[in-house]
């Protein structure tokens, strides 16, 4: 079967959540099918990047991505349009033309549009099965519901209305779609109640690449793994440093926190200063840093989807303390696989328990790894996703498919 995969993110290196997901889905699909990739890029891919995709992609085509700029003329005109301004401003005629050239050059059985940025290019296509892969609406919904400033609340309401209207028009043009969690599935069903072919395809982790024992855990070391260029990560670290870390340091003054990820343009001066905190910047391989930590803290309060950082940490054997939002959408048992921190005091107490109790750390490490192996290995998820794509290609998906996690 010939599959055309449209991606907002160039999938190599797989160094953020979207790229990790796309890269592993491409690997899985390529085991039984011929896959072609058409992807946006922030900068031209290097020969090494292109070579890394050769085992999985028959052809790779790229188009420069121009990020949404709210002050650009096209974006300002978007206020007068019922479509989301970001959709209008980032639309690429070049990608649309390249897509049609690829479709004319060879027949495809399925077109997969990854995330909402790519859906508008695939939606009008005829004579081919189409999958809308990974719809995520929670982040914008939370922004709308949490906003209190009257003018900003009005703008958020307008954005949310445009987005839901847009999805309502777009989704029926696809044979099936996927989301990463049951909460995302439920939200989408309320927005497009007449559309039933919504299947949960969870995020996963490569359990052969992420294994315990990659580094010797260092006493009293905490880690937050996530680029602060993403607003939800910045908010999480700000919350932790202001409300939680002081409680930990008051009882455990030797505790240290490492924050990983890109820092380009990040206003670090807005975060509380603390000598016990180190910002590592981008790491080519984050696994040893996580494996060397006693605790991975995930104090997220915003965002949708599911947290790859949680799955990666559990696969590496590093215990996790998270807010309910941090573990949202993951089929994990609190107290067995991870420890919850609903309030700053509860979060700090959970971290302090782990720092003081090696047996608890070992127990969470074993249980977390076992659960990830059973439910969230990319090999299993990828195999089921491939079977789902094959069912769509055969025209046999009209309702949501069950997921065997």
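The values are calculated or read from the model by the stated rules, or taken from the named source; none is laboratory data. Worth saying up front: this structure is predicted, and the values here are computed from it rather than measured. FYI the Cβ positions are ideal-geometry reconstructions off the backbone, even for glycines, and counts take in every protein chain you see.
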If only one of 291, 276, 348 is under 16 Å from residue 224 (Cα atoms) and without any contact (Cβ under 8 Å) to a residue 40 or more places away in the chain, which one is it? 276
Determine whether region 342-365 contains at least one residue that is closer than 22 Å to residue 208 by Cα, surrounded by 24 or more Cβ atoms within 10 Å (Cβ to Cβ) and under 23 Å from the mean Cα position of the chain (by Cα). no
Report yes if residue 335 is more than 17 Å from the chain's Cα centre (by Cα), touching a residue at least 40 places away in the same chain (Cβ under 8 Å) and at positive phi, otherwise no. no
Filter region 333-364 down to residues that are outside any helix (DSSP H, G or I) and touching a helix residue (DSSP H, G or I) at 6+ places or on another chain (Cβ under 6 Å), then give me how many there are. 4
Just one of the numbered conditions (1) over 20 Å from residue 219 (Cβ atoms); (2) surrounded by 20 or more Cβ atoms within 10 Å (Cβ to Cβ); (3) modelled with pLDDT of 95 or more is not true of residue 257; which one? (1)
Given the criterion crowded, with 17+ Cβ neighbours inside 10 Å and at pLDDT below 95, identify the matching residue among 133, 142. 142
Looking at region 153-163, can you tell me whether even one residue there is more than 20 Å from residue 82 (Cα to Cα) and in the same structural domain as residue 90 (by TED's automatic domain parsing)? no
In region 14-53, the residues that are more than 26 Å from residue 229 (Cβ to Cβ) and either in a strand (DSSP E or B) or in contact with a strand residue (DSSP E or B) (Cβ under 8 Å, 6 or more places away or on another chain) (or both): 29, 33, 34, 35, 36
Would you be able to tell me the number of residues in region 169-203 that are in contact with a strand residue (DSSP E or B) (Cβ under 8 Å, 6 or more places away or on another chain) and farther than 19 Å from residue 138 by Cβ? 5
If residue 68 meets every condition in (1) at pLDDT below 95; (2) out of contact with any helix residue (DSSP H, G or I) (no Cβ under 9 Å at 6 or more places or on another chain) apart from one, which number is that one? (2)
Residue that is farthest from residue 185 (Cα to Cα) [pool: residues in region 201-213 that are assigned to a loop (DSSP other than H, G, I, E, B) and within 14 Å of the chain's Cα centre (by Cα)]: 204
Members of region 77-95 found to be in a helix (DSSP H, G or I) and surrounded by 14 or more Cβ atoms within 10 Å (Cβ to Cβ), listed by number: 78, 85, 86, 87, 88, 89, 90, 95
Looking only at region 183-200, filter to residues that are in contact (Cβ under 8 Å) with a residue 40 or more places away in the chain and part of a helix (DSSP H, G or I); which one of those is surrounded by the most Cβ atoms within 10 Å (Cβ to Cβ)? 184
Looking at 265, 303, which one is over 30 Å from residue 381 (Cα atoms), assigned to a loop (DSSP other than H, G, I, E, B), at pLDDT below 95 and under 23 Å from the mean Cα position of the chain (by Cα)? 265
